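This report refers to the structure that appears directly beneath it.
The values are calculated or read from the model by the stated rules, or taken from the named source; none is laboratory data. Source: prediction; values computed, not measured. Neighbour counts are summed over all protein chains in view; Cβ atoms, including those assigned to glycine, are modelled from backbone coordinates with ideal geometry. In case anyone asks, the SASA skips ligands and DNA or RNA and just uses the protein heavy atoms, side chains included. Shrake-Rupley method; radii C 1.70, N 1.55, O 1.52, S 1.80 Å.
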Amino acid sequence: MTDQVELYAQHLTEKTQRFQAILTATEFDEIIIAAGDSKMQFADDMAYPFVANPYFREWIPLGKRTGSYLQISAASDRPKLFLLCVEDIWHTAPQSLPPGFERELEIVEYASISELKSYFGHREGGTAFISEVNTLDIATDCWNPTSVTAQIDYQRRGKTVYEQDCVRRANRLAVPAHRAAYEAFMGGASELEIAAAYLRGCNCSENEMPYGIIAGINEHAAVLHHHNLDKQRQTPRSFLIDAGVAMHGYASDITRTYAYDPGSDFAAMIDVMDAAQQELVAGGGIGKSPVDLHVLSHFKAADVLRQFDIINVSAEDAFASDITATFYPHGLGHHLGCNVHDKGGNLANAQGDLLPPPEKYPKLRSASPMVANQIHTVEPGLYFIPALLEKLRQGEHASKINWSRVDDFLPFGGIRIEDNIVVHADGSLENLTRDAFRDVS
Ligand code: GLY
Ligand code: MN
Ligand code: MN
């Protein structure tokens, strides 16, 4: 834990320097970030599960504490955390900081918004306020000003050592959960039972997941975001699980695919995809283009289709005629951090200009060359999605497909393999996910 406190202290120092540079550039005196408040469901007295927004979470590991505010000011090197402290007999005590973290912050307890307002700067136009709701009644042009948020989103693409450590830990915490899920699948469990095994494996509640567990058995493995988990047990053939764990608000985002029968063609296809995924990981690094890697991943998908006799033309032809888009309709990867799909991946610069993906690959979330300290996912896939296959069957390239082979694979759904990769400043790549599976017993 001591190590983490030290890393957190360095993280706060680095982030404060970055934010003070933003203050200088934008001529604001301070940036105030609200964690947010719980939201009631319409016509009900129940609140939705609360999670603080990533602008707040990248400073403060209090994702569940409503009414928290953070002040970073040009006048101080120490961020100030404002915590709402009022008597509440209905709920358990609010979430507290991890041990030792509180020493690194100046903490102020407040009881009302009017008291809170008295702590902040009063120069007109001097406060930039980042918040879903304008609880401080700040002038509209100072509420979520893009001159500030674009710079934050752009600079957050480079992760501090603390942030890398959090995602590394989030990967390690996910390993026992992924193993428990695999064992449950092999034991014939339903998707919902597998998700329960996953949660037990990481000792988390569903509300603590960084994103909803995707656990697809058989055909459901073809549903890219299959969250509506089946309660019925099925005769198992294949299983795709995409699930992470959150560590101090930072996510892991891990996908594995399994075949029930190790002798099946589908098992062989998983092995080929696994090798291709590792080659794609190795193709990353400083200065490397996510677009080039994405194009390469389509070449590899075409190769797999050829190897398993799903197409009767060359891999080059399948790539050129965009047949691979039917089998692989998502992007190769994205930035990872407080958001699973971290903001900033699509920015060209700190002014907030967008760098859109090529027209041919609209789902690609990141197009700018990789730089040091980024964390990317690498997650190629190959799926048998009935709706997309039907369009292919109706189209000009239908004759290039061996439809009986498609029928062979349809009952298995699909494959995705996803690891989390740190691009280090010395040029090395760290595969947080494979390292975790290797090292965590
Ligand atoms: N878990 C969602 C994704 O991999 O992008
Ligand atoms: Mn992902
Ligand atoms: Mn994922």
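Conditions tested, residue by residue: (1) in contact with a Gly (Cβ under 6 Å, 6 or more places away or on another chain); (2) among the aromatic types (Phe, Trp, Tyr); (3) assigned to a strand (DSSP E or B); (4) closer than 22 Å to residue 434 by Cα.
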site: 162; (1), (2), (3), (4): no, yes, no, yes
site: 168; (1), (2), (3), (4): no, no, no, yes
site: 172; (1), (2), (3), (4): no, no, no, yes
site: 180; (1), (2), (3), (4): yes, no, no, yes
site: 195; (1), (2), (3), (4): no, no, no, yes
site: 211; (1), (2), (3), (4): no, yes, no, yes
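Restricted to the stretch 231-256, and to residues that are within 15 Å of residue 184 (Cβ to Cβ), open to solvent by less than 10 Å² (accessible area, probe 1.4 Å) and touching a residue at least 60 places away in the same chain (Cβ under 8 Å), which residue is farthest from ligand 1 (Cβ to nearest atom)? Among residues in the stretch 231-256 that are within 15 Å of residue 184 (Cβ to Cβ), open to solvent by less than 10 Å² (accessible area, probe 1.4 Å) and touching a residue at least 60 places away in the same chain (Cβ under 8 Å), the one farthest from ligand 1 (Cβ to nearest atom) is 238. If a residue has to be out of contact with any strand residue (DSSP E or B) (no Cβ under 7 Å at 6 or more places or on another chain) and either part of a helix (DSSP H, G or I) or open to solvent by 70 Å² or more (accessible area, probe 1.4 Å) (or both) to count, how many in the stretch 103-112 make the cut? Adding up the residues that qualify gives 2.
Here residue 284 meets each of (1) of a type in the set (Gly, Ala, Ser); (2) more than 16 Å from ligand 2 (Cβ to nearest atom); (3) surrounded by 15 or more Cβ atoms within 10 Å (Cβ to Cβ) with one exception, condition (2). Of the numbered criteria (1) modelled with pLDDT under 95; (2) on the phi > 0 side of the Ramachandran plot, the one residue 137 fails is (1). Is at least one residue of the stretch 335-358 open to solvent by 10 Å² or more (accessible area, probe 1.4 Å), within 16 Å of ligand 2 (Cβ to nearest atom), out of contact with any Lys or Arg (no Cβ under 9 Å at 6 or more places or on another chain) and farther than 30 Å from residue 62 by Cβ? No, that holds for no residue.
Scanning the stretch 402-415 for residues that are in contact (Cβ under 8 Å) with a residue 12 or more places away in the chain and open to solvent by 10 Å² or more (accessible area, probe 1.4 Å), we see that the one that is farthest from residue 383 (Cα to Cα) is 402.
Residue-by-condition table, conditions (1) surrounded by fewer than 19 Cβ atoms within 10 Å (Cβ to Cβ); (2) over 19 Å from residue 68 (Cβ atoms):
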{"residue": "92", "(1), (2)": "yes, no"}
{"residue": "96", "(1), (2)": "yes, no"}
{"residue": "114", "(1), (2)": "yes, no"}
{"residue": "124", "(1), (2)": "yes, yes"}
{"residue": "153", "(1), (2)": "no, yes"}
{"residue": "167", "(1), (2)": "no, yes"}
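When the residues of the stretch 164-212 are filtered to those that are closer than 30 Å to residue 25 by Cβ and either of a type outside the set (D, E, K, R) or in contact with a strand residue (DSSP E or B) (Cβ under 6 Å, 6 or more places away or on another chain) (or both), the one that is nearest to ligand 1 (Cβ to nearest atom) is 167.
Residue-wise test of (1) within 15 Å of ligand 3 (Cβ to nearest atom); (2) over 18 Å from the mean Cα position of the chain (by Cα); (3) closer than 13 Å to residue 414 by Cβ.
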residue	(1), (2), (3)
200	no, yes, no
218	no, yes, yes
227	yes, no, no
235	no, yes, no
258	no, yes, yes
267	no, yes, no
